[in-house]
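Undergrad: Below you'll find the structure I mean.
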Amino acid sequence: MVILILLILIVLVGLLFIYHQVEFRKGEEAFPAAGKFITVDNCKLHYISAGKGQPVVFLHGGMLSSRDFKAVVQLAAKQGYHAIAFDRPGYGYSERPKGVKVTPIFQARLIYRALKELGIDQPIILVGHSWSGTMTLSYAIQFPKEIAGIVTLAGAMYKEGYPAENGDILSKAVTTPILGNVILNTLLKTPLAKGMAYSMVNATFVPEQVPDKYAEELYALGFRPSHFKANREDVLAFPVTSKELSAKYKTITIPTIIVVGELDPFGTIAQAERLKNDIPHAIYKLIPNIAHMIPELHPQTVIENINEISNMNKKTV
């Protein structure tokens, strides 16, 4: 009897695994890669780009991919910038390096090397959203001469006040050997997971409207093993890295603009105010009537702040 039950469980797990592989492929067919690829340190990164001129680099948060900056990239290109938005390692169609701790510090270095590989030698304007607030500041600390200015959008920069300040059960389970692989390959395309995806999207955009097909794309691509695991690893890596880096934020001297929405539900206003205290020369902007997903819903706001950084640099020349 025990053997029969085990055989039934093995068959069920096998069928779930096969079903999930088919669904993962369907998701990629529905939302294929829209940009280009570059390989850096044996890691293939996907990015979108447009325009010529002053390079502006966009780093997305913990939800989807470079797609979050799709409209911003096109607007920036029309205004005379060379706009580049990467899928961060493991997200969208970018690979996740293996055998290393992929912290915000590491990711900043990888993007730096990718830009050099693309021939970007001019100091960049760097724009980071949400989770990438710390990554953006890490880049500024590591490569101060390679950066013309930074803009944080609803940024998370400190361990204290981060929603998963002490980690979370799901992230720990997904990143556990064996158990994590089982979860990633047999549960991500179940009704429960779909409900979780749509709930995550709604919570991230609230109280504003979710763009058409955004939730569908997040479920299709974000609920694949590589993407979902990368996100969970980032959640766990953030508190340790932000704690380490936050003591160095005061050393940042380049032009800095801190943008946060008045309706943001994730405690980013407190994070932004604390960063303003650490970087006194920074410009702090609390934007009325907008929430967390600034790149998706308010691309013109992003462009206005990029222009402001650009104008600051022109005045100092």
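The values are calculated or read from the model by the stated rules, or taken from the named source; none is laboratory data. Everything quoted here is computed from the prediction, not taken from an experiment. With ideal geometry, Cβ positions are generated from the backbone for all residues, glycine too; neighbour counts draw on all protein chains shown.
Undergrad: Residues being buried (at least 21 other Cβ atoms within 10 Å of the Cβ) and farther than 15 Å from His292 by Cβ: count how many of those fall in region 138-158.
TA: Of the residues in region 138-158, 8 are buried (at least 21 other Cβ atoms within 10 Å of the Cβ) and farther than 15 Å from His292 by Cβ.
Undergrad: Would you check which residues across region 76-88 are of a type outside the set (S, T, N, Q) and farther than 11 Å from Gly62 by Cα and list them?
TA: Across region 76-88, the qualifying residues are Ala76, Ala77, Lys78, Gly80, Tyr81, His82, Ala83, Ile84, Ala85, Phe86.
Undergrad: List the pairs whose first member sits in region 242-269 and is under 11 Å from Pro280 (Cα atoms) and of a type in the set (Lys, Arg), whose second member is modelled with pLDDT of 95 or more and part of a helix (DSSP H, G or I), and whose Cβ atoms are under 7 Å apart, counting only residues at least 6 apart or on separate chains?
TA: Listed pairs, sorted by first residue: Lys250/Asp278.
Undergrad: In region 78-116, how many are charged (D, E, K, R), surrounded by fewer than 21 Cβ atoms within 10 Å (Cβ to Cβ), in contact with a strand residue (DSSP E or B) (Cβ under 6 Å, 6 or more places away or on another chain) and in a loop (DSSP other than H, G, I, E, B)?
TA: Count: 1.
Undergrad: Taking interchain pairs and intrachain pairs at least six residues apart, which have beta carbon atoms under 6 angstrom, with the first residue in region 68-85 and within 19 Å of Ser132 (Cβ to Cβ) and the second surrounded by fewer than 23 Cβ atoms within 10 Å (Cβ to Cβ) and hydroxyl-bearing (Ser, Thr, Tyr)?
TA: Short answer, once both residue conditions are applied: Ile84/Ser49.
Undergrad: Something else about it: Scan region 22-35 residue by residue and report those that are in a helix (DSSP H, G or I) and free of Cβ contacts under 8 Å to residues at least 40 places away in the same chain.
TA: Val22, Arg25, Glu29 - these are the residues of region 22-35 that are in a helix (DSSP H, G or I) and free of Cβ contacts under 8 Å to residues at least 40 places away in the same chain.
Undergrad: Anything in region 169-201 that is in a loop (DSSP other than H, G, I, E, B) and loosely packed, with under 14 Cβ neighbours inside 10 Å? List them, or say none.
TA: Hits for region 169-201 are Thr176, Pro177, Ile178.
Undergrad: Something else now. At pLDDT below 95 and either acidic (Asp, Glu) or buried (at least 20 other Cβ atoms within 10 Å of the Cβ) (or both): is that true of Met63 in this structure?
TA: yes
Undergrad: Further, regarding this structure: Could you figure out which of (1) modelled with pLDDT of 95 or more; (2) out of contact with any strand residue (DSSP E or B) (no Cβ under 9 Å at 6 or more places or on another chain); (3) at negative phi; (4) surrounded by fewer than 24 Cβ atoms within 10 Å (Cβ to Cβ) isn't true of Ala50?
TA: That leaves (2) as the condition not met.
Undergrad: Separate question: Being part of a strand (DSSP E or B), surrounded by 15 or more Cβ atoms within 10 Å (Cβ to Cβ), out of contact with any Pro (no Cβ under 9 Å at 6 or more places or on another chain) and not hydroxyl-bearing (Ser, Thr, Tyr) is the filter here, so list the residues in region 243-302 that pass it.
TA: Ile257, Ile258, Val259, Val260, Lys285, Ile287
Undergrad: Let me ask another. Of all the residues that make up region 17-42, how many are over 20 Å from Tyr219 (Cα atoms) and aliphatic (A, V, I, L, M)?
TA: Within region 17-42, residues that are over 20 Å from Tyr219 (Cα atoms) and aliphatic (A, V, I, L, M) number 2.
Undergrad: Given the conditions (1) hydrophobic (A, V, I, L, M, F, W, C); (2) buried (at least 20 other Cβ atoms within 10 Å of the Cβ); (3) out of contact with any His (no Cβ under 7 Å at 6 or more places or on another chain), report the number of the one that Leu221 does not fulfil.
TA: Result: Leu221 fails condition (3) only.
Undergrad: Now a separate question. Provide a single number: the residues in region 89-135 that are modelled with pLDDT under 95 and of a type in the set (Asp, Glu).
TA: 1
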